[in-house]
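Asker: Got a structure here, written out as structure tokens. Questions coming.
The values are calculated or read from the model by the stated rules, or taken from the named source; none is laboratory data. This structure is a prediction, so every number in the text was calculated from the model and none was measured. Glycine gets a Cβ as well: all are built from the backbone with ideal geometry, and neighbour counts include every protein chain shown.
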Amino acid sequence: MRGTCTECWLAIHWAEIFLPEKFEPPWCVEYVKPLRRFGWAWVQTVARSGRPFLFWSTLKMSMPAHPKRLVAYMVMLLLPILIAWVTIQTVVAVQMRNMVQQQMQSWQTQYWSKTTPTFSINQSYGAAVAEAVFLPWRSTSWGTITWTGRTTGYVAPRDLHAQLSRQMFGRNSAWRDDHIVLTLSCFAVGMWIALTMPLAFVLLPISRRRAKVRRGHVARVACYGMVIPAMIGTCMLGCVAVGYGHSDAQEASTWFAHVLGRYGIVPAIVVWWVAAIRCYLHIPHGWAVAPILGILVVVALAGVLLISGLASTFVLVGA
């Protein structure tokens, strides 16, 4: 009942080849039939991803891949986080623009002429929203505020949440600049690991050859692994929304969002790859291989940042 693939020499069960419907998991987005049940299969696949060892014990390397369905799965993973991100950033940018307008009008009423405007905000609502959505890391804004003959910069996109939180909840607000920057930095590192971990497998040519692992197998693990940053990012944005909507829950929701961003995403991705390496790719020493590859991709990220920083410094010095 056992055989060997003539192309990659992978050990296979003939029953899985001739009767694939008996072994392919019907809950998986790649094998759901009929196709109209793809949405429910997406929900089941996401739910089962919470148990990575059981997930990768069910899927086999001998099962054929369906790239189009995997692409659709990843697109559907990104949609919730994109919608939540655009919505929250738009609301924050509009509220900040309104608060700046009201504050300037209040200062004019108290200290300056009540009839002749002495200030102008050179930042439209559309520009404020565009900066918040597409350039949230910028430390300066393209807009300016002119008052009593002096010009100052508009609120930077990176400081929107901290500034708005101080205005709404006082100076002791849980949304602080250092917390936000650190949380986003840790989340960015997790995203980098999730995206570049497959490339690190080029460092394991002998192990891949012995385990009969092909590039498509590693790509499949990476595609399904995008569920981790997608779900954690959605939960973080949900915590932000709860914090702005209920002042009593702001401290707890902020703490939970920071914990998810700082300490949740990187260990979750490493455990995901450990499960895939041990139960799906069948490469020995999965508990050591995945952390080591993760460390290597983080070191590569540090090198990229160092080189880009040195290049920018040389450009500035030359200018």
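Asker: What number of residues within the range 142-158 are closer than 26 Å to Leu184 by Cβ and exposed (fewer than 13 other Cβ atoms within 10 Å of the Cβ)?
Answerer: 1
Asker: Right, something else. Condition test on Arg278, is it modelled with pLDDT under 90, surrounded by fewer than 21 Cβ atoms within 10 Å (Cβ to Cβ) and of a type in the set (D, E, K, R)?
Answerer: For Arg278, the condition - modelled with pLDDT under 90, surrounded by fewer than 21 Cβ atoms within 10 Å (Cβ to Cβ) and of a type in the set (D, E, K, R) - is not met.
Asker: Here is a further query. Being at pLDDT 75 or above, crowded, with 20+ Cβ neighbours inside 10 Å and not in a helix (DSSP H, G or I) is the filter here; which residues of the range 163-205 pass it?
Answerer: Matches in the range 163-205: none.
Asker: I'd like the full set of residues that are assigned to a helix (DSSP H, G or I) and without any contact (Cβ under 8 Å) to a residue 40 or more places away in the chain, limited to the range 238-255.
Answerer: Residues satisfying the conditions are Cys239, Val242, Gly245, Asp248, Ala249, Ala252, Ser253.
Asker: In the range 146-156, is there at least one residue being at positive phi and either at pLDDT below 85 or not assigned by TED's automatic domain parsing to the domain that holds Ala230 (or both)?
Answerer: Yes, there is a match, as at least one residue in the range 146-156 is at positive phi and either at pLDDT below 85 or not assigned by TED's automatic domain parsing to the domain that holds Ala230 (or both).
Asker: Also: Looking at Val227, Val259, Val189, which one is in the same structural domain as Leu54 (by TED's automatic domain parsing) and closer than 25 Å to Glu30 by Cβ?
Answerer: Val227
Asker: Which of (1) out of contact with any Gly (no Cβ under 9 Å at 6 or more places or on another chain); (2) surrounded by fewer than 18 Cβ atoms within 10 Å (Cβ to Cβ); (3) over 30 Å from Thr58 (Cα atoms) is the odd one out, the single condition Ala252 does not satisfy?
Answerer: Unmet for Ala252, out of (1) out of contact with any Gly (no Cβ under 9 Å at 6 or more places or on another chain); (2) surrounded by fewer than 18 Cβ atoms within 10 Å (Cβ to Cβ); (3) over 30 Å from Thr58 (Cα atoms): (1).
Asker: A follow-up question, please. What are the pairs, 6+ residues apart or on separate chains, where a residue within the range 256-274 that is under 20 Å from Ala222 (Cα atoms) has its Cβ under 9 Å from a residue that is not in a helix (DSSP H, G or I)?
Answerer: The qualifying pairs are Trp272/Ser49.
For (1) in contact (Cβ under 8 Å) with a residue 24 or more places away in the chain; (2) of a type outside the set (A, V, I, L, M, F, W, C); (3) within 30 Å of Ala219 (Cβ to Cβ), each residue gets a yes or a no:
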position: Pro52; (1), (2), (3): yes, yes, yes
position: Ser57; (1), (2), (3): yes, yes, yes
position: Ala84; (1), (2), (3): yes, no, yes
position: Met96; (1), (2), (3): yes, no, no
position: Gln103; (1), (2), (3): no, yes, no
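Asker: Count, please, the residues in the range 63-84 that happen to be over 17 Å from Met231 (Cβ atoms) and either β-branched (Val, Ile, Thr) or surrounded by fewer than 17 Cβ atoms within 10 Å (Cβ to Cβ) (or both).
Answerer: 7
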